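Data block below; observations after.
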Amino acid sequence: MDKIVITGGRKLKGEVEISGAKNAALPIMAAALLADGESIIENVPDLRDIHTMIRLLRSLGAKAVFEKGTVKVKPGNSLQPLAPYKLVSTMRASVCVMGPLLARIGHAEVSLPGGCVIGPRPIDLHLKGLEALGAKNEIQHGYVTSRVAKRLSGAEIYLGGAFGSSVLATANVMMAATMAKGRTVLENAACEPEIVDLARFLQKMGAKIEGIGSPCIEITGVTKLHGARHAIIPDRIETGTYMFAAAMTAGDVLIKKADPSHQNVVIDKLRQAGVRIDKGKSTLRVRGTAKLKPVNVTTLPYPAFPTDLQAQMMALMAAAPGISVITEKIYPDRFMHVSELNRMGANIFLEGPTAIIHGVKKLSGAPVMASDLRASAALVIAGLVAEGTTEVHRVYHLDRGYERLETKFSSLGASIHREKE
Ligand code: EPU
């Protein structure tokens, strides 16, 4: 296992390029199963989760390869329905092969993903949506088996829960509905840019979808989809992470190949904190300040503040003198990073799903343990400003979601490297 070693105190300066969005690429790779012909997906980041999805597509009988940022998927005509525990347990996004498998072969057997370190992550909404389209679901021996006698049929479906919309449930049901008989209306659909990107890919495959990017998506089913070529959108979570890192180190960083229109809430919060941000067409220049101001944040579905940047925002606020309040509304238990940040000298305490952060003048380097992907990123950016050396252990989490993280931070002047444990 590897660890990342950071010596804090250097201001980040220079330029960094953003990779394609993991959370757009994963459902789009699954969507490629809807055609029998080949799809070519470009700007795919070279990440562990992407390779897991390639393995899953192959185990379902598709041809799938990754080469220099391009994924080619050719499902052919002999797909099989089983998504095994050993793959689903390492990556929850595997569950989004259900919709395409039901649409193509009327049968999916997918291991139930179970909980994860950021809290319970049920799939009841996925099942509710697919059932509304005519699938019969049965849970046995840790697997959900979903079958449809002939063809799925369109329906009006309300896809929400107490927390709001669900990203991957929207993806799953939208993919299934593209080949259902008749019209499907998805109410309370997720509006995340990754869902918009998936819908655009499906349109290129020949799907008929309206209301893309809104909470009401209408789909008119077709009998056949064809392979398509598509380039994945920039990763807004990676973009936000570099924005926070630049802000936190009082640096001056030009972030390239980003989509600034996806970062509005992050830009707003950083400006409130006293950070200067200039937006270009595909660039963001972030100039930090030595005197960060405290800011309050509540995570909610897009376009509000993303849960996937909550930990990084907390690292930033941990070093902004004054009191900030962060409330987590998507995953109320997603706070594993709090005790690790406190080991670095932060002063954060939890009241249910709310973190109260008393910003300190200096964080201090320490050995810390990464618990999940975004918590790991928060510990890395905290390490960039901490006095002395920070060692972030269990970095395999980072490899699931950040392409060439140490190389990118090094090129901005950070003292960071990877070592074998
Ligand atoms: N939920 C249910 N029932 C469901 C589905 C979701 O109750 O059937 C609840 C969840 O427990 C949670 C809320 O709905 O409270 C939102 O979860 P959502 O379904 O939107 O999450 P997801 O689709 O499983 C994706 C991202 C996550 C990101 C969330 C929220 C991918 C591959 N994953 O997960 O990304 O946190 O949306 O934006 O797209 C990450 O990249 O680090 C990550 C965890």
Exercise. Any idea what Rg and Dmax come out to for the range 22-231 if you just take the C-alpha atoms, in Å?
Worked result: 15.2, 41
For this session: Could you work out the local net charge near E138, counting Lys and Arg as +1, Asp and Glu as -1, over the other residues with Cβ closer than 12 Å to its Cβ?
Result: 0
Exercise. For the chain, which whole percent of the accessible surface, found with a 1.4 angstrom probe, sits on carbon and sulfur atoms?
Worked result: 51
For this session: Using Cα positions and a limit of under 12 Å, work out the aspartates and glutamates in reach of K11, with same-chain residues fewer than 8 apart set aside.
Result: D252
Exercise. If you stretched the chain out fully between S89 and K256, how much longer would it get, using 0.36 nm times the residue separation minus the C-alpha to C-alpha distance?
Worked result: 56.7 nm
Exercise. Efficiency by 1/(1 + (r/R0)^6): what FRET value for Q140 and K362, r their Cβ-Cβ distance, R0 = 56 Å, to the nearest 0.05?
Worked result: 0.55
Problem set entry | Nonlocal Lys pairs with alpha-carbon distance under 17 Å, the range 22-231 (8 or more apart, or different chains) | 16
Exercise. Can you give the charge dipole size of the range 22-231 about its Cα centre, rounded to the nearest 20 debye, using +1 on the beta carbon of Lys and Arg and -1 on the beta carbon of Asp and Glu?
Worked result: 620
For this session: Give the shape of the chain as rounded, prolate or oblate, defined through the alpha-carbon gyration tensor: a ≥ b ≥ c are the square roots of its eigenvalues, a/c under 1.5 means rounded, and otherwise the shape is prolate if a/b is larger than b/c and oblate if not.
Result: prolate
Exercise. Once both labels are modelled 7 Å past Cα along the beta-carbon direction, what's the S415-E156 spacing in nm?
Worked result: 6.4
Problem set entry | Relative contact order %, the chain, counting alpha carbon pairs below 8 Å whose residues are six or more apart | 21
Exercise. Relative to the Cα centre, what is the charge dipole magnitude of the range 142-224, using +1 at the beta carbon of each Lys and Arg, -1 at the beta carbon of each Asp and Glu, and rounding to the nearest 20 debye?
Worked result: 580
Exercise. What does the helix-only formula give at 222 nm for the chain: each DSSP H stretch with n ≥ 4 adding -39500 (n - 2.57), the total divided by the residues, and the result rounded to the nearest 500 deg cm²/dmol?
Worked result: -8500 deg cm²/dmol
Exercise. Given a cut-off of under 8 Å on Cα pairs at least six residues apart, what relative contact order in percent is computed for the range 72-177?
Worked result: 29
For this session: Please give every one of the aspartates and glutamates within straight-line cross-link reach of K3, meaning a C-alpha to C-alpha distance under 17 Å, and leave out same-chain neighbours fewer than 8 residues apart.
Result: E340, D372, E391, D399, E403, E406, E419, E421
Problem set entry | Computed over the range 49-102, Cα set: Rg, Dmax in Å | 10.7, 31
Exercise. Any idea what the relative contact order of the range 22-231 is, in percent, if you count C-alpha pairs under 8 Å spaced at least 6 apart?
Worked result: 21
Problem set entry | Probe 1.4 Å, protein heavy atoms only - accessible area per residue of the chain in square angstrom | 38
Exercise. Given charges of +1 on the Cβ of Lys and Arg and -1 on the Cβ of Asp and Glu, with all other atoms neutral, how large is the dipole of the chain about its Cα centre, in debye to the nearest 20?
Worked result: 620
Exercise. Which net charge results for the neighbourhood of I267, defined as the other residues with beta-carbon distances under 13 angstrom from its beta-carbon, given Lys and Arg at +1 and Asp and Glu at -1?
Worked result: +4
Exercise. For T289 and R121 in one chain, what is 0.36 nm times their gap in residues minus the Cα-Cα distance, to one decimal in nm?
Worked result: 56.7 nm
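The values are calculated or read from the model by the stated rules, or taken from the named source; none is laboratory data. In this text, all values refer to a predicted model and were calculated from it rather than measured experimentally. Every residue, glycine among them, receives a Cβ derived from its backbone with ideal geometry; neighbour counts consider all protein chains shown. Surface accessibility is based on the protein's heavy atoms, side chains included, excluding ligands, DNA and RNA. Shrake-Rupley method; radii C 1.70, N 1.55, O 1.52, S 1.80 Å.
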